[in-house]
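> My questions all concern the structure below.
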């Protein structure tokens, strides 16, 4: 089998997956987008011989597992940032936050600002906040909490 035939078959499998396993839509797209003209019989032979259906199920399962892994990592990271912010907020309310002279713990304030900045950057990277959008620290926290609650069903 030549490289061109193998490339065409690989492309047919990709389009087959994108079309949700619909052979007729796959055939039409291959013709219009690639100029690859296949008969129904030829495409169905490829689908059977090269196990397109089984492979598509495996690809879909892998994509879902990858998405679940990203979602899990995302929720852990954002949840971690929110927990740290809560701990600092509790510290800010405690008597230990102020020195004997009434001066606040600057390192804690800087750490809180850094955590909020990291959370803001994370939300921007994932397109939950526009790059040029100005959002106060408390709104960043609220946005992260809303996303966890609405998208992932996790309460704060």
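The values are calculated or read from the model by the stated rules, or taken from the named source; none is laboratory data. From a predicted model like this one, the values you see are computed outputs, not experimental measurements. With ideal geometry, Cβ positions are generated from the backbone for all residues, glycine too; neighbour counts draw on all protein chains shown.
> From the list 75, 26, which one is modelled with pLDDT under 90 and surrounded by 13 or more Cβ atoms within 10 Å (Cβ to Cβ)? Don't jump to the end; show me each part of the working.
Values: 26 fails: modelled with pLDDT under 90.
Answer to the check: 75.
> So, residue 83, is that one closer than 30 Å to residue 26 by Cβ, over 19 Å from the mean Cα position of the chain (by Cα) and at pLDDT 90 or above or not?
Values: closer than 30 Å to residue 26 by Cβ: no; over 19 Å from the mean Cα position of the chain (by Cα): yes; at pLDDT 90 or above: yes.
Considered against the rule, which asks whether it is closer than 30 Å to residue 26 by Cβ, over 19 Å from the mean Cα position of the chain (by Cα) and at pLDDT 90 or above, residue 83 comes out as no.
> What tally of residues in region 76-99 results from selecting those that are closer than 16 Å to residue 116 by Cα and out of contact with any strand residue (DSSP E or B) (no Cβ under 9 Å at 6 or more places or on another chain)? Can you show your working first?
Within region 76-99, the first condition is being closer than 16 Å to residue 116 by Cα, and the residues that meet it are 76-92.
Pick out the ones that are also out of contact with any strand residue (DSSP E or B) (no Cβ under 9 Å at 6 or more places or on another chain) and you get 76-91.
Residues meeting the conditions: 16.
Residue-wise test of (1) exposed (fewer than 12 other Cβ atoms within 10 Å of the Cβ); (2) under 13 Å from residue 88 (Cβ atoms); (3) at pLDDT below 85; (4) not assigned by TED's automatic domain parsing to the domain that holds residue 74.
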{"site": "113", "(1), (2), (3), (4)": "no, yes, no, no"}
{"site": "120", "(1), (2), (3), (4)": "no, no, no, no"}
{"site": "128", "(1), (2), (3), (4)": "no, no, yes, no"}
{"site": "136", "(1), (2), (3), (4)": "yes, no, yes, no"}
{"site": "142", "(1), (2), (3), (4)": "no, no, no, no"}
{"site": "148", "(1), (2), (3), (4)": "no, no, yes, no"}
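> Now for a different question. Which ranges mark the helices (runs of 4 or more DSSP H) fully within region 1-84 that have 2 or more residues being in contact (Cβ under 8 Å) with a residue 24 or more places away in the chain?
Values: elements: 3-18, 23-29, 40-49.
Counting at least 2 such residues, we get 3-18, 40-49.
> Can you name every residue in region 13-25 that is closer than 17 Å to residue 49 by Cβ and more than 27 Å from the chain's Cα centre (by Cα)?
Of everything in region 13-25, just one residue is closer than 17 Å to residue 49 by Cβ and more than 27 Å from the chain's Cα centre (by Cα), namely 23.
> Here is a follow-up. Residue 88 - would you say it is surrounded by 10 or more Cβ atoms within 10 Å (Cβ to Cβ), modelled with pLDDT of 90 or more and part of a helix (DSSP H, G or I)?
Working: surrounded by 10 or more Cβ atoms within 10 Å (Cβ to Cβ): yes; modelled with pLDDT of 90 or more: yes; part of a helix (DSSP H, G or I): yes.
Spelling it out, residue 88 is indeed surrounded by 10 or more Cβ atoms within 10 Å (Cβ to Cβ), modelled with pLDDT of 90 or more and part of a helix (DSSP H, G or I).
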